[in-house]
Amino acid sequence: MNNKKIKEIERLADRFFAGDTTNAEETRLYRLFRRKRLPAELERLRPVFAAFASMGDAQPHRTPIIRTLRRVAVGTAAALALALCLALYSDYRENRALARLYGGSYVIENGRRIDDLGAIRGDIEQALDDARRIESRSASDFIDSAEQDVLDNIDDPDMQKEVEQMLNE
């Protein structure tokens, strides 16, 4: 270290003792006096700066960052665990609902009986849709047949036309 650098450090140390240094300058001094080799002129200040450095937080930025990262990791793990539990519970509720609605149902495919409700759910729903369609078609056919019977039992042609108009409205 040259004389100019030593003088600069001594001036910075004097400002330190006067209370005129910034945190960055103080940190620079602490780091400088932690070196293994120092010029003889600065060696006398080593114990003083070692004492001041030990009073402050040695790693002021690392501790909050580590704590924050731990909190984020714990929060993420908790959120993932909650999401997994919700997914499993949802699957469980769906299986119970299927069992309540379609318990005992089965499908025979290629001579094999399949009674896993999750696997045959689509087949069951298709069968129910077909039944609803047939039922609505039958009801419509029944209504048409009843209307025709009413019209056939009216002897007066004018009355028959009036009733037919009323039914078609």
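In segment 160-169, how many residues are in a helix (DSSP H, G or I) and open to solvent by 90 Å² or more (accessible area, probe 1.4 Å)? Show your work before the answer.
Taking segment 160-169 first, the residues in a helix (DSSP H, G or I) are 160-168.
Still in the list and also open to solvent by 90 Å² or more (accessible area, probe 1.4 Å): 161-162, 165-166, 168.
So the answer is 5.
When ALA139, ALA127 are screened for being out of contact with any Asp or Glu (no Cβ under 8 Å at 6 or more places or on another chain), part of a helix (DSSP H, G or I) and modelled with pLDDT under 80, only ALA139 passes. Answer yes or no as to whether ILE108 is open to solvent by 70 Å² or more (accessible area, probe 1.4 Å) and modelled with pLDDT of 80 or more. The answer is yes for ILE108. Only residues that are open to solvent by less than 60 Å² (accessible area, probe 1.4 Å) and of a type in the set (Asp, Glu) were counted in segment 128-146, giving 1.
At pLDDT 90 or above and more than 54 Å from the chain's Cα centre (by Cα) - does that describe any residue in segment 27-49? No, there is no match, as no residue in segment 27-49 is at pLDDT 90 or above and more than 54 Å from the chain's Cα centre (by Cα).
Residue pairs whose Cβ atoms lie under 9 Å apart, separated by 6 or more positions or on different chains, with the first residue in segment 65-92 and polar (S, T, N, Q) and the second at pLDDT 90 or above, do not occur.
Filtering segment 1-56 to residues that are without any contact (Cβ under 8 Å) to a residue 24 or more places away in the chain, of a type in the set (Gly, Ala, Ser) and part of a helix (DSSP H, G or I) leaves ALA18, ALA24, ALA40, ALA50, ALA51, ALA53, SER54.
Scanning segment 106-121 for residues that are over 20 Å from TYR92 (Cβ atoms) and not polar (S, T, N, Q) turns up TYR106, VAL107, ILE108, GLU109, GLY111, ARG112, ARG113, ILE114.
Residue by residue, here is whether (1) at positive phi; (2) open to solvent by 100 Å² or more (accessible area, probe 1.4 Å); (3) at pLDDT 85 or above holds:
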residue: LYS7; (1), (2), (3): no, yes, yes
residue: GLU10; (1), (2), (3): no, no, yes
residue: THR63; (1), (2), (3): no, no, no
residue: ARG67; (1), (2), (3): no, yes, no
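The values are calculated or read from the model by the stated rules, or taken from the named source; none is laboratory data. Treat the numbers as computed from the prediction; the structure is a model and nothing was measured. Neighbour counts are summed over all protein chains in view; Cβ atoms, including those assigned to glycine, are modelled from backbone coordinates with ideal geometry. In case anyone asks, the SASA skips ligands and DNA or RNA and just uses the protein heavy atoms, side chains included. Shrake-Rupley method; radii C 1.70, N 1.55, O 1.52, S 1.80 Å.
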